[in-house]
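Q: Can you read through this structure? Questions will come right after.
The values are calculated or read from the model by the stated rules, or taken from the named source; none is laboratory data. Everything numeric in this text was worked out from a predicted model, so none of it was measured. Glycine also receives a Cβ, built like all others from the backbone with ideal geometry; neighbour counts cover every protein chain displayed. In case anyone asks, the SASA skips ligands and DNA or RNA and just uses the protein heavy atoms, side chains included. Shrake-Rupley method; radii C 1.70, N 1.55, O 1.52, S 1.80 Å.
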Amino acid sequence: MFDELLDIDPGAEESVLVERIAAIERLKSAAAAAQARLAVALDSQRRAAEAVAGVPAARRGRGVAAEVALARRDSPTRGNRHLGLAKALVYEMPHTLAALEAGVLSEWRATIVVRESACLDVEDRRRLDAELCSDPAALDGVGDSALAADAKAIAYRLDPHAVVDRAAKAETERNVTIRPAPDTMTYVTALLPVAQGVSVYAALKREADVCCDARSRGQVMADTLIERVTGRPADQPVPIAVNVVISDHALLGAEQGAAAIAGYGSVPSAVAQKMILDTVADARSRATLRRLYATPTSGALVALESRSRLFPKGLADFIGLRDQRCRTPYCDAPVRHRDHATPHWRGGATSGVNGLGTCEACNYTKEAPGWKVVTAVADDGTHTAEFTTPTGAHYHSAAPPMPGTPKIPLSQAELYLNGELVRVIAA
Ligand SMILES: [Zn+2]
């Protein structure tokens with residue numbers, strides 16, 4: 001049936017094309033419902049087996065969300081969301097699951113209904129499920145925001161205290177995050193309680209109201225934010241450590257390519273070069289240079305020169321710079337832990353090869369029973385990790401190549417950092 005549906009004839013009549021698009025959309029929803037049932041089955045089988053094996057109740061099912069994530073080529077964070085959604089749908093919200101199965105709701109809309117009912121107890125959650133999703137016709141033409149508003153209204157009517165309590169709990173989740181934006185810009189996002197969030201925005205807006213130079217309102221607000229948070233004018237280099245990985249050729253302007261900023265990602269080498277030169281030119285800033293050695297063919301980072309006498313610190317830096325992001329496939333979270341792939345207690349070495357940059361959650365997940373990670377260095381120098389999950393599924397992870405692999409011989413060049421001569425020698 002799938003094959004027939006997915007066999008595309010671009011020459012078909014327009015009405016047939018539209019009907020096929022709609023049919024495939026229903027198929028995607030039905031597939032999401034089937035994935036939810038499968039995830040719940042996996043979770044309950046695993047928990048039952050672990051109960052038999054004597055694993056304490058609180059530790060059962062650890063790592064299942066990460067397995068779901070890997071199978072779906074998604075991040076562990078989304079894996080948690082997928083498994084949470086699956087359990088809510090299968091155990092507590094049969095009408096929402098049926099609407100998903102029938103293609104009346106998309107997976108995202110089902111997620112909205114589950115999210116907005118999360119603060120309710122099981123009985124109220126079932127009531128919300130029936131009230132909102134038992135009639136497919138009532139969901140026709142309802143968009144994401146309208147659906148969320150309907151679910152919120154029902155939840156508040158059923159249990160106002162739970163909604164208020166949830167708001168109080170949400171305040172504990174205030175946070176600041178960063179992610180790349182196009183054109184070497186970045187989004188710094190603050191999740192704040194509404195009163196503080198509105199007051200931050202109002203303070204920046206007030207500054208824009210009284211400012212009368214050539215800058216736009218948005219520019220004044222952004223500059224004011226930078227100045228108040230860093231304590232320095234927006235056009236001055238920032239007095240904190242920013243790790244930039246750039247090839248010697250790119251740093252000296254002999255080639256154009258990409259450079260990597262730790263915790264951000266890839267930027268054009270010309271942008272990184274300007275950042276570094278601005279820092280060097282500013283007497284109040286301090287720039288330091290360390291040599292990283294990459295293999296010429298693959299660009300794999302193979303060694304790091306550290307002036308530090310403490311070997312572990314140099315090794316931790318090396319792993320962080322080599323891996324750049326958590327090494328679990330699809331995770332993308334910043335590296336927080338330098339982890340032993342083969343655990344220390346099993347004789348795993350504290351070495352670059354056995355070392356793995358991971359986020360906190362993934363480090364914890366791979367300690368769960370049945371998980372195994374084997375690391376190696378390929379012939380071209382690339383550091384690889386093979387993840388094996390409790391079901392025996394394998395997933396491959398490779399450290400990213402370093403930017404700007406040297407292509408032309410550079411005999412010896414000289415670079416001054418804060419008046420000190422540093423020699424850059426080609427790898
Ligand atoms: Zn991770």
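Q: Can you pull out every residue in the range 371-390 that is within 22 Å of the chain's Cα centre (by Cα) and in contact (Cβ under 8 Å) with a residue 60 or more places away in the chain?
A: Hits for the range 371-390 are W371, H383, F387, T389.
Q: Output the helices (runs of 4 or more DSSP H) that fall wholly within the range 1-107 and possess 3 or more residues being open to solvent by less than 30 Å² (accessible area, probe 1.4 Å) and not assigned by TED's automatic domain parsing to the domain that holds R325, or say none.
A: Of the helices (runs of 4 or more DSSP H) lying wholly inside the range 1-107, those with at least 3 residues that are open to solvent by less than 30 Å² (accessible area, probe 1.4 Å) and not assigned by TED's automatic domain parsing to the domain that holds R325 span 14-52, 64-71, 76-87, 94-101.
Q: Could you list, in sequence order, the residues of the range 342-365 that are open to solvent by less than 20 Å² (accessible area, probe 1.4 Å) and away from the ligand (no atom under 14 Å from the Cβ)? Write out each step before concluding.
A: Initial filter on the range 342-365 (open to solvent by less than 20 Å² (accessible area, probe 1.4 Å)): 343, 348, 352, 354-359, 362.
Of everything in the range 342-365, those that are open to solvent by less than 20 Å² (accessible area, probe 1.4 Å) and away from the ligand (no atom under 14 Å from the Cβ) turn out to be P343, G348, G352, N354, G355.
Q: Does A376 satisfy the criteria of being in contact with a Pro (Cβ under 7 Å, 6 or more places away or on another chain) and either more than 13 Å from the ligand (Cβ to nearest atom) or over 14 Å from L315 (Cβ atoms) (or both)? Write out each step before concluding.
A: Values: in contact with a Pro (Cβ under 7 Å, 6 or more places away or on another chain): no; either more than 13 Å from the ligand (Cβ to nearest atom) or over 14 Å from L315 (Cβ atoms) (or both): yes.
Answer is no for this residue.
Q: Condition first: surrounded by fewer than 17 Cβ atoms within 10 Å (Cβ to Cβ), touching a helix residue (DSSP H, G or I) at 6+ places or on another chain (Cβ under 9 Å) and assigned to a helix (DSSP H, G or I). Now tell me which residues in the range 130-140 satisfy that.
A: Listed by number, the residues that qualify are A130, E131, P136, A138.
Q: Restricting attention to the range 121-129, does a residue exist that is open to solvent by less than 10 Å² (accessible area, probe 1.4 Å), under 25 Å from A168 (Cα atoms) and part of a helix (DSSP H, G or I)? Please lay out each step first, then the result.
A: If we filter the range 121-129 for residues that are open to solvent by less than 10 Å² (accessible area, probe 1.4 Å), which is where we start, we get 128-129.
Going one step further and asking which of them are under 25 Å from A168 (Cα atoms), we end up with 128-129.
If we keep only those that are part of a helix (DSSP H, G or I) too, we end up with 128-129.
Scanning the range 121-129 turns up at least one residue that is open to solvent by less than 10 Å² (accessible area, probe 1.4 Å), under 25 Å from A168 (Cα atoms) and part of a helix (DSSP H, G or I).
Q: Ok, one more. One residue is enough: does the range 212-219 have a residue meeting the conditions touching a strand residue (DSSP E or B) at 6+ places or on another chain (Cβ under 9 Å) and not charged (D, E, K, R)? Break it down stepwise before answering.
A: Taking the range 212-219 first, the residues touching a strand residue (DSSP E or B) at 6+ places or on another chain (Cβ under 9 Å) are none.
No: zero hits.
Q: Of R336, R307, R327, which residue is open to solvent by 70 Å² or more (accessible area, probe 1.4 Å) and at pLDDT 80 or above? Lay out the reasoning, then the answer.
A: Values: R307 fails: at pLDDT 80 or above; R327 fails: open to solvent by 70 Å² or more (accessible area, probe 1.4 Å).
Just a single option satisfies the conditions, and that option is R336.
Q: Right, something else. Among the residues of the range 262-275, count how many are touching a helix residue (DSSP H, G or I) at 6+ places or on another chain (Cβ under 7 Å) and surrounded by 20 or more Cβ atoms within 10 Å (Cβ to Cβ).
A: So the count comes out to 1.
Q: Then there's this: Looking only at residues that are among the β-branched types (V, I, T) and in contact with a Lys or Arg (Cβ under 9 Å, 6 or more places away or on another chain) in the range 134-189, which one is farthest from T96 (Cα to Cα)?
A: To start, the set of residues in the range 134-189 that are among the β-branched types (V, I, T) comprises 142, 154, 163-164, 172, 176-178, 184, 186, 188-189.
Those left that are additionally in contact with a Lys or Arg (Cβ under 9 Å, 6 or more places away or on another chain): 142, 154, 163, 186, 188-189.
Working: V142: 14, I154: 15, V163: 20, T186: 37, V188: 35, T189: 32 Å.
The extreme case among them is T186.
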